[in-house]
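As structure tokens, the structure follows; a few thoughts come after it.
All of the numbers you see were taken from the coordinates with simple rules; none came from a lab. This is a predicted model, so every value here is computed, not measured. Please note: Cβ atoms are built from the backbone with ideal geometry, for glycine as well, and neighbour counts cover all protein chains shown.
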Amino acid sequence: MNLLNVSKTFPNEASCKRKWTASRDHHGAICSHCGSNAHYWKSDKECYECKICKYGQSLKSNIIRLGSRLPFRYWFIAFHLLTSTKKSFSAKELQRQLGHKYYEPIWTLLHKLRDAEYRLEGVIEFDEGFFSTELQADEKNKPLKRGRGSQKKSKVLVMSESVPVQKNENKKECKKSSNKDKIRKVNHIKIFVINDLKSETINSKVQKHIDKQAEIDSDNSTSYTNLGSPVAQHRPKVIPNELIEKALLWVHIAISNAKRMLLDIFHDIKPEYLQNYLNGFCYKFNRKYFGEVQFERLLVISVAYKNQFRYHVL
């Protein structure tokens, strides 16, 4: 949905509220007290009342933005800006576009919209990366280390679903692949900031975010020695440094694109905020194939999130 359509379809608070109500009525309201989906709409109080326990909840209750007091139109503008822009969108820029006085509620809205609970499946490309960040206060007076151990480098773990495709199915991916017999297409990715490269740290992330039936392709780093236990199969390979970006193509494309996005939009980054920025990058990357349905999809998942609807990715 483009800007002109948004302005025409949702010109005011009332139109946004009608659309929100219609969407929530379609998917149903779940009582947060007894779990029943049987309810009445109380027009005098503008709330749903449970037929079983008589508990009432407003249009904004028991949804992904539980407790938000922002106007509905703020939410719809946020939907549009999040789904129509090619690159990630900062909370500061969203605040500026909305003209809202306070930063905190806009930041909260943006990050709740980006929430995603899903596990990676199939064949997973797996590697670590290092992102430049500002020095922490307690590190500024210490000698600066070089290379991967530098205090200005934050460690991240990158996971990418890598799906084989036919030779001519996707020409764009064909051009990027050096091996025409093993062309792969990316689905979803996840990126996590980690404190160290110990196998215990990495395995805990794998167990939580990768399906047990998945297969992992990686280099033969000593940090990955126990990766075979939480998944079905681990295929470590000895990969020369000059070939690592080709062997684990989509992981390193994700790392490169994320670094470019962070430099372009956020400039200098504090280590404690890096994960939030990477979440925003993953949000956009994982929706690269959704096209025009992104706005409606985000609206649906927002009203149905607490109803235990199951989506692979928001």
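Here the spin labels are modelled as points 7 Å beyond Cα on the Cα-Cβ line, and at residue 144 and residue 238 they lie 3.6 nm apart. Across q = 0.09, 0.11, 0.12, 0.14 Å⁻¹, the chain modelled as identical point scatterers on its alpha-carbon atoms has Debye log10 I(q)/I(0) values of -0.57, -0.82, -0.94, -1.17, in the order of the q list.
Hey, which of these cross-link pairs are over 32 Å Cα-Cα: 51/190; 145/288; 17/284; 86/246; 42/92; 87/153? 51/190; 145/288; 42/92, as the Cα separations exceed 32 Å there.
Taking 161, 215, 272 as the candidate residues, the one with maximal mean-square fluctuation in a Gaussian network model of the chain, Cα springs under 10 Å, is 272. Here the peptides 76-87, 202-213, 232-243 are ranked by packing, the mean other Cβ count within 10 Å, and the order with the highest first is 76-87, 202-213, 232-243. Compared with the dominant principal axis of the Cα atoms in the chain, helix 274-285 is inclined by about 80°.
Tell me, what is the FRET efficiency for residue 7 and residue 256 to the nearest 0.05, using R0 = 35 angstrom and their Cβ-Cβ distance as r? For residue 7 and residue 256, the calculated efficiency is 0.45.
Helix 103-113 and the long axis of the chain differ in direction by around 80°, with both axes built from C-alpha atoms.
Subtract the Cα-Cα distance of residue 53 and residue 86 from 0.36 nm times their separation in residues, and report this length gain in nm to one decimal. Can you show the working numbers first?
Numbers: separation 33, 0.36 × 33 = 11.88 nm, distance 4.56 nm.
Taking residue 53 through residue 86 to full extension adds about 7.3 nm, to one decimal.
For the stretch 209-225, the Karplus equation 6.51 cos²θ - 1.76 cosθ + 1.60, evaluated at θ = phi - 60°, returns couplings of 10, 10, 4, 5, 8, 6, 10, 10, 9, 8, 7, 9, 4, 5, 6, 9, 5 Hz by residue, with Gly and Pro reported as x.
Below 10 angstrom from the Cβ of residue 214, what's the summed charge of the other residues (Lys, Arg +1; Asp, Glu -1)? Don't skip to the answer; put the middle values down first.
On the way: positive: 119, 212; negative: 121, 161, 211, 215.
For residues surrounding residue 214, the net value is -2.
Between residue 185 and 163, 165, the built amide H atoms are under 5 Å apart, and every one of these is 5 or more places off in sequence or on another chain. Here's the list of aspartates and glutamates a cross-link from residue 142 could span, going by alpha-carbon distance under 18 Å and ignoring same-chain residues fewer than 8 apart: 134.
Peptide packing: for 193-199, 54-60, the average count of neighbouring Cβ atoms within 10 Å per residue gives the ranking 54-60, 193-199, highest mean first.
Normalised by the number of residues in the chain, what is the relative contact order in percent for Cα pairs under 8 Å and 6+ residues apart? Computed value for the chain: 21 percent relative contact order.
Here the sum of -39500 (n - 2.57) over DSSP H runs of 4 or more residues, divided by the residues of the chain, equals -10500 deg cm²/dmol at 222 nm, to the nearest 500. For residue 39, nonlocal amide neighbours, meaning residues 5 or more places apart or on other chains whose placed amide H falls under 5 Å from its own, are 51.
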